Structures are given as structure tokens and as C-alpha cells.
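Read the structure below first, then the notes.
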Amino acid sequence: MTEGEATPAAVTAHGRRNLVTRVLAALVLAPVAIAIAYAGGWLWTLLATLATIGLYVEWLAIVGAVQRSRVVMSGVAALAASGLSLASDRIEAAFVILAAGLAAVALLTPQRRIWAAAGFFYAAAAQAASVLVRLDQGYGFIALMLILLVVWASDIGGYFAGRGIGGPKLWPRVSPNKTWAGAIGGFAASLVIAVGFAAAGFGKTGPLLLLSAALSIASQLGDLFESAVKRRFGVKDSSNLIPGHGGLLDRLDGLVAALVLAAIFGFLRSGVDGVGRGLVVW
């Protein structure tokens, strides 16, 4: 072993400390997120808006466009204005604002324009999906909890299955630590959530299994997508905002993909005002 190289015991100890940090951060953040999701209304819209502003800024940092103050401020202003419109139930106005924000970001970015615009689109889609899923007063919270629990179960199941079983890598060029065992373990854990929701009377078992399976796959693909973007620009973590987890992008990448898919599916079934209902009523 060369000088300065970490021993296996040191690596294991570091991994354990990191796991403890991750668990403690999750124990603090998860109940807060659930409480605000339950409250809904402007509180949930505020949280979603602040989170998506953070996603946008972190994305710009990854792609090397965060130094352009006009690009940052135009996107932040559009997301904030859209959040105000969504909190006031002016959904059409929010979409117009987001479209204008996308155009402004694209026009104001002299270099890496496509990457900057993609970051704003990513954040805007996350904001709109988060609010639309929770919008329905009767089913919004249930739908949101289904998505959250499926994503969390996929993460937790994937982590322990990947560490415990190991085996072939899922996509080593993009994410060298992810394994097929972890992907399958996360997928299986998401199906348990579906069975639990069906047992609680929130839908039929078959459709909920299909929905949870789709959300789990979307969540894992969202994670891989963010890893691919970071690898493209040589970045390890999007930031150090959340202890043990990295940045908001690192923590919310899978959730964003699942929320957007769920919002599209709910919209196709029940329209803008019934996205949540479209997810849990079959």
C-alpha cells in the first residue's frame, strides 16, 4: 500500500460515518417535507419554489454558467414569479411566465446556452409538477406521499441491495457505484409501497403496482441523468448543502423525474385540476 492511500478499514469507517450523516439528515428533512406537503397550499408552493430555485442555481454551477448574473437572476425571477402565480391558483399565468423565463435564459446565455436553458427547463418542470400533483384537495396529499415513498423506497432499497449484494455495475461510465442488484432492490422496494397503498384502500393493487414500477424506473433514470450531467462537466457533487447527501440536485434528481412523470400521467387522466386524483383513483 502506497503512502497516503486509505486502508480498507478507513474506507469502511468513512462509509459508516457517511451513512450515519445521511440518515440523520433524512430524519430531520423528511418529516419537515411531509408536514409541509400535508399543509399544502402556499406553504407547499413556497417549498417547491425555493427548492427549484436551488436546483436551477446548482445546475448553472455544474455547467459553468453561474458566473453570469443576468442568467441567474432572470431564471430565479421567473421561478419566483411563477411560484406566486401558482400560489394564487393562476396556473396558466405561471406557465406563461415559465415560458418567458426559458426564453430569457436562452437569450442571455452567451456560452453553453443549451445547457443553461436545459437547467431552467428542468427546474421549471419540477416546480410545476410538484404543485400540480398536490393541487387536488381530496387526493393531492395521498398522491404526493405515494410518489415520495416510492422514490425514498427506491433509494433505500437500492442502497442496501447494492451494498449487500454488489455484483455487475449498472452503467459504470455514468455512475460507477450503482449495480444491477441495487436497481432491482430499489424496484422491488417500490412495489412494497404500492401494496401498502392498495391495502390502505387508495387504489387497486394492479394499477398501483404498475404506477409504482414506472415511478421507480423514472426515479432511477433521473438519478442516472444527473450523474451523467455531473460526469460530463467533471463534478462530483452539485453542492455541499445537505450533509451526507451533497446538493439539492444530488438529493432530488430521482424525485424530480418521478414527479414529472406522475404529473403527466395524472394530467392525461384528470386534467390540470385533478392530477392527484388521476394518480390514486382507478
- Close pairs (6 angstrom Cβ cut-off, 6 or more residues apart or separate chains): under 20 Å from residue 118 (Cβ atoms) in segment 66-91, in a loop (DSSP other than H, G, I, E, B) and β-branched (Val, Ile, Thr) anywhere: 71/109
- Message: For a quick check of your reading of the model, give me the residue pairs whose first member lies in segment 139-150 and is under 17 Å from residue 195 (Cβ atoms) and touching a residue at least 24 places away in the same chain (Cβ under 8 Å), whose second is among the hydroxyl-bearing types (Ser, Thr, Tyr) and buried (at least 24 other Cβ atoms within 10 Å of the Cβ), with beta-carbon atoms closer than 8 Å and at least 6 apart or on different chains.
- Response: 146/212; 150/190; 150/212; 150/216; 150/219
- Of all residues in segment 201-225, how many are modelled with pLDDT of 95 or more and not in a helix (DSSP H, G or I)? 0
- Considering every residue within segment 50-57, establish whether at least one is buried (at least 19 other Cβ atoms within 10 Å of the Cβ), part of a helix (DSSP H, G or I), in contact with a Phe, Trp or Tyr (Cβ under 8 Å, 6 or more places away or on another chain) and modelled with pLDDT of 95 or more. yes
- Picked from segment 58-92 (must be in a loop (DSSP other than H, G, I, E, B) and aliphatic (A, V, I, L, M)), the residue nearest to residue 40 (Cα to Cα) is 66
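Yes or no, residue by residue, for (1) under 22 Å from residue 128 (Cβ atoms); (2) outside any helix (DSSP H, G or I); (3) at pLDDT 95 or above:
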residue	(1), (2), (3)
4	no, yes, no
26	no, no, no
35	no, no, yes
38	yes, no, yes
43	yes, no, yes
48	yes, no, yes
- Query: If you check residue 155 against the conditions, is it modelled with pLDDT under 95, among the acidic types (Asp, Glu) and more than 30 Å from residue 92 (Cα to Cα)?
  - Reply: yes
- Query: Do we have residue 233 as over 13 Å from the mean Cα position of the chain (by Cα), modelled with pLDDT under 95 and more than 30 Å from residue 115 (Cβ to Cβ) here?
  - Reply: no
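To keep it simple, each residue is scored yes or no on (1) more than 17 Å from the chain's Cα centre (by Cα); (2) of a type in the set (Phe, Trp, Tyr); (3) surrounded by fewer than 21 Cβ atoms within 10 Å (Cβ to Cβ); (4) within 30 Å of residue 178 (Cα to Cα).
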position	(1), (2), (3), (4)
61	yes, no, yes, yes
64	yes, no, yes, yes
90	yes, no, yes, no
96	yes, no, yes, no
108	yes, no, yes, no
127	no, no, no, yes
147	no, no, no, yes
158	no, no, no, yes
- Query: Which residue out of 235, 275, 192 is assigned to a loop (DSSP other than H, G, I, E, B) and either touching a Pro at 6+ places or on another chain (Cβ under 6 Å) or among the β-branched types (Val, Ile, Thr) (or both)?
  - Reply: 235
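So that you can scan it fast, the table gives a plain yes or no per residue for (1) of a type in the set (A, V, I, L, M, F, W, C); (2) surrounded by 15 or more Cβ atoms within 10 Å (Cβ to Cβ); (3) out of contact with any helix residue (DSSP H, G or I) (no Cβ under 6 Å at 6 or more places or on another chain); (4) over 30 Å from residue 64 (Cα atoms):
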position	(1), (2), (3), (4)
163	no, yes, yes, yes
170	yes, yes, no, no
200	yes, no, yes, yes
204	no, no, yes, yes
215	yes, yes, no, yes
236	no, no, yes, no
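Looking only at segment 18-49, filter to residues that are under 30 Å from residue 70 (Cα atoms) and among the aromatic types (Phe, Trp, Tyr); which one of those is surrounded by the fewest Cβ atoms within 10 Å (Cβ to Cβ)?
At the first step, the residues of segment 18-49 found to be under 30 Å from residue 70 (Cα atoms) are 42-49.
Add one more test, that the residue is among the aromatic types (Phe, Trp, Tyr), and what stays is 42, 44.
Working: 42: 14, 44: 24.
Looking at the filtered set, the residue picked out is 42.
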- Task: Go through segment 89-107 and give me each residue that's farther than 16 Å from residue 124 by Cα and modelled with pLDDT of 95 or more.
- Result: 107
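The values are calculated or read from the model by the stated rules, or taken from the named source; none is laboratory data. Model, not experiment: these values are computed from the prediction. Ideal geometry is used to build each Cβ from the backbone, glycine not excepted, and the neighbour counts take in all protein chains shown.
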